[in-house]
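Trainee: Sharing a structure below in structure tokens format, with a few things to ask.
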């Protein structure tokens, strides 16, 4: 459980304050009031950033909330995004659909916006293709290493049907080597190389490796390239990676691989095979 969740706890609040048509501002004020007495927090900023419907539960809405807190104990800043649900009478952090045996969090997602489909993220296909596929992945994620190359090979054959957008999302806490690996991939792409992402999944390196020399040696061997350490610290490489991470954060992507099919998260990851 995250630090913010430990501080705020998962609670179910019955309230006459919220109405069925409660606005984002009313939800914000209600949550601020509830957390105002938390002795662990020196200060707290709270904002509802998005509101969406809950599929199959028309009387419920999902409120995407960003917490920005300063801890009283050591002055650390903790920023976290989370989803709260309300039907106007009850507000809760977690709710389960008994019939479907699902957490309601699995029934909601933020949609991709036009500005998320950046030219530099289009690795295959025509931007005007019928289907826009977005993939957020870590090249050292075990499942990604099998799934992503297969999906790319399948879709790249039909460039007028699929526009494939790829976003680097290295999971640094469990695969520290992935960070330098994706920087090398970005650097090579900036030099005009093709199929870099597809070949990225062929690089065999210990996910916990921290030696840039070893990481680059394996990368260059697979890519038949000559990327050097100084290439990884260029402004262009940093901007591209930060852009990818920012988009992932705005969509609350927290695992790999995460796929979007025409702007909507595809939890099955198989809609591309069903596309006509």
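The values are calculated or read from the model by the stated rules, or taken from the named source; none is laboratory data. Please read all numbers here as calculations on a predicted model, not as lab measurements. Using ideal geometry, Cβ is built from the backbone for each residue, glycine included, and neighbour counts are taken over all protein chains shown.
Trainee: Taking into account only those residues within segment 153-162 that are touching a strand residue (DSSP E or B) at 6+ places or on another chain (Cβ under 7 Å) and either surrounded by fewer than 22 Cβ atoms within 10 Å (Cβ to Cβ) or without any contact (Cβ under 8 Å) to a residue 12 or more places away in the chain (or both), which is nearest to residue 275 (Cα to Cα)?
Mentor: Residue satisfying both the conditions and the ranking: 161.
Trainee: Which of (1) surrounded by 13 or more Cβ atoms within 10 Å (Cβ to Cβ); (2) within 21 Å of the chain's Cα centre (by Cα); (3) modelled with pLDDT of 85 or more does residue 87 not meet, given it meets every other one?
Mentor: (2)
Trainee: Separate question: Take residue 81 and tell me if it is in the same structural domain as residue 250 (by TED's automatic domain parsing) and either touching a helix residue (DSSP H, G or I) at 6+ places or on another chain (Cβ under 8 Å) or modelled with pLDDT of 90 or more (or both).
Mentor: The answer is no for residue 81.
Trainee: Of the conditions (1) farther than 23 Å from residue 147 by Cα; (2) surrounded by 13 or more Cβ atoms within 10 Å (Cβ to Cβ); (3) in contact with a helix residue (DSSP H, G or I) (Cβ under 8 Å, 6 or more places away or on another chain), residue 210 clears all except one; give me its number.
Mentor: Answer for residue 210: the failing condition is (2).
Trainee: Which residue is nearest to residue 111 (Cα to Cα), if the candidates are limited to segment 266-276 and must be in contact with a helix residue (DSSP H, G or I) (Cβ under 9 Å, 6 or more places away or on another chain) and in a helix (DSSP H, G or I)?
Mentor: That would be 272.
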